[in-house]
Amino acid sequence: MSISNRDRHCKSLFNNKLKHACITLAWALTLLLTQTASALSVASVLGSGGGDFDPWNTTRWAAWYSGSKLVKQFDIDCDVTLVDRGGSANPWKPDVSEHETGRIFYFDNAGRGKTFDGNGVFIDVRPDDPSLTQLYSSWRWYDLWDELFGLNNCFRISQGYSSSYGPTVIRNLWMKGFVQAIRTSFRSSGSYHPLVIDDCDFRRNEWGVYLSGSDATVQNCGIKQQLKGGMYCGAGSGRNYIINNAFQDNHIEQVGNYGDIAMDTAYETLIENNTHQLSEGGSYHCGVKFYHNMGEEDTYREHSPHDNILRGNTFNGYSVAYDIGGRMGRSDGYDLTGEGRDYVSYNLFENNTITNTDIGFKINCPGNTFRSNTFSNVDLPFVLHCVFYSLTENVINDQAGDNVYYWFVASDYSSYPPTGSPIRMISTAISLSPTSSFMFGLIMGPQIIRVIAGLLRWSLRILC
């Protein structure tokens, strides 16, 4: 690496870390600005009946612009359909360099029950356009804000429930170049109004969809090529539906924290009939990663991921399809508890199809149920990783002939796989005693499952 490239790389790393540390402050300031600024209603221009919407028309929407720069958000309070622009051949690329609130469109209570029809329009706020290959090999060299992402959100939704309206709908739109293309807001009290995100495509964002509430349905979407992950189900996220979506290449940064879907404290969510497709780059790919937030931003989340149902999903060519307790045993400075433990329990995994994958289910936490899953060319269908001193009450049914492996200490997995790519992300930072000190519990149905490893002390209960 030349001196100039090395300097550019170091400068980029510093800038990225500094700017990410400021995101929370930026969101807080954005909220303050939004609360103090007068809202600009789309219905005030289109009429309450809505209609054809051309937000790139700087004459019609002059109040939202400063010269050629888009500076204000569009408050959606009527049904709108974007005017056709010819698809990918003519994307809308607004100049958002001086935007006041950090999101193009905003739904509050005035927009409950309204439909935003994107009509196949592409919205692209990326300052630069590197190829996927360039991103995989050198994303750290890019300044995240000046070169990869132009704005926080395409949509921000903050709506309390009302029985007087049907669901709010966002559909048929392409979004590129946002930190979180669609973000739902956390509410400290009250219920959330139903939201449907249908037939949308997300590319080259940091995150595609970020859910911080309930009653959202994400369906029939293409969620691909995000830097960190495809979907984040975070603070206050529960009772959502993620159905019939296509995922691919959603962890370009390859540091192992995330995947296509991150389930951080999410509960009572249905993830069904999604397709996790063979990647076009990178060496580490995780389908769904479960973990309990340990205290980022000095906040310990109120829930652990529990009572979720994951069924009928397909995976092809992944390092790990399901990583259950992905932060178990990690020694992180932000862990408010100081215990290094993850909590993921009472989730059901059934009728999933996993092919050409290193590990099907990487199980670090107790109390989950697995049944009727299908494997083809999978090295390790089930791995029970006893990071601490016991791993009990997991139920495996209707998996006749599928191997179950267990790991306790580093020597159990240090040679797997030869590249080490999946394991470098999930190895424990805790120093444990020999395997004779562990307790292992597995509940299985009346079929034969091979448990592979050396000697250990374990309990086995048969469900009849």
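The values are calculated or read from the model by the stated rules, or taken from the named source; none is laboratory data. Being a predicted model, the structure only gives us computed values, none of them experimental. Neighbour counts are summed over all protein chains in view; Cβ atoms, including those assigned to glycine, are modelled from backbone coordinates with ideal geometry. Protein only, heavy atoms only, side chains kept; ligands, DNA and RNA dropped before computing areas. Shrake-Rupley method; radii C 1.70, N 1.55, O 1.52, S 1.80 Å.
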I need every pair where a residue in segment 293-316 that is free of Cβ contacts under 8 Å to residues at least 60 places away in the same chain and under 13 Å from Asp332 (Cα atoms) has its Cβ under 7 Å from the Cβ of a residue that is open to solvent by 30 Å² or more (accessible area, probe 1.4 Å) and of a type in the set (D, E, K, R), sequence separation at least 6 or different chains. Asn293/Arg301; Met294/Asp332
Name the residue, out of Asn293, Asn274, Asn313, that is open to solvent by less than 10 Å² (accessible area, probe 1.4 Å) and within 27 Å of Gly340 (Cα to Cα). Asn293
Given the residues Ser138, Ser163, which is the only one that is under 22 Å from Ser279 (Cβ atoms) and either out of contact with any strand residue (DSSP E or B) (no Cβ under 9 Å at 6 or more places or on another chain) or at pLDDT 95 or above (or both)? Ser138
Hey, any hits in segment 142-156 for a residue that's in contact with a helix residue (DSSP H, G or I) (Cβ under 8 Å, 6 or more places away or on another chain) and closer than 20 Å to Gln219 by Cα? no
In the set Ile123, Ile157, the lone residue that is at pLDDT 95 or above, aliphatic (A, V, I, L, M), buried (at least 21 other Cβ atoms within 10 Å of the Cβ) and farther than 16 Å from Asp201 by Cβ is Ile157
When Pro167 is run through (1) surrounded by fewer than 23 Cβ atoms within 10 Å (Cβ to Cβ); (2) under 19 Å from Met263 (Cβ atoms), the failure sits at (2)
I'm trying to understand the selection: among the residues of segment 141-151, which are in a helix (DSSP H, G or I) and either among the acidic types (Asp, Glu) or exposed (fewer than 14 other Cβ atoms within 10 Å of the Cβ) (or both)? Asp146, Glu147
By residue number, the members of segment 252-270 that are under 18 Å from Gly326 (Cα atoms), of a type outside the set (Asp, Glu) and touching a strand residue (DSSP E or B) at 6+ places or on another chain (Cβ under 6 Å) are Tyr258, Gly259, Ile261, Ala262, Met263, Ala266, Tyr267
Please go through segment 171-209 and pick out each residue that is surrounded by fewer than 22 Cβ atoms within 10 Å (Cβ to Cβ) and either without any contact (Cβ under 8 Å) to a residue 24 or more places away in the chain or among the aromatic types (Phe, Trp, Tyr) (or both). Trp174, Phe186, Ser188, Ser189
Restricted to segment 225-241, and to residues that are within 11 Å of the chain's Cα centre (by Cα) and part of a strand (DSSP E or B), which residue is surrounded by the fewest Cβ atoms within 10 Å (Cβ to Cβ)? Tyr232
Name the helices (runs of 4 or more DSSP H) wholly within segment 1-109 that hold at least 1 residues that are touching a strand residue (DSSP E or B) at 6+ places or on another chain (Cβ under 9 Å), modelled with pLDDT under 95 and among the β-branched types (Val, Ile, Thr)? 23-36
Residues located in segment 386-415, provided they are surrounded by fewer than 24 Cβ atoms within 10 Å (Cβ to Cβ), free of Cβ contacts under 8 Å to residues at least 60 places away in the same chain and part of a strand (DSSP E or B): Ser390, Glu393, Asn394, Val404, Tyr405, Tyr406
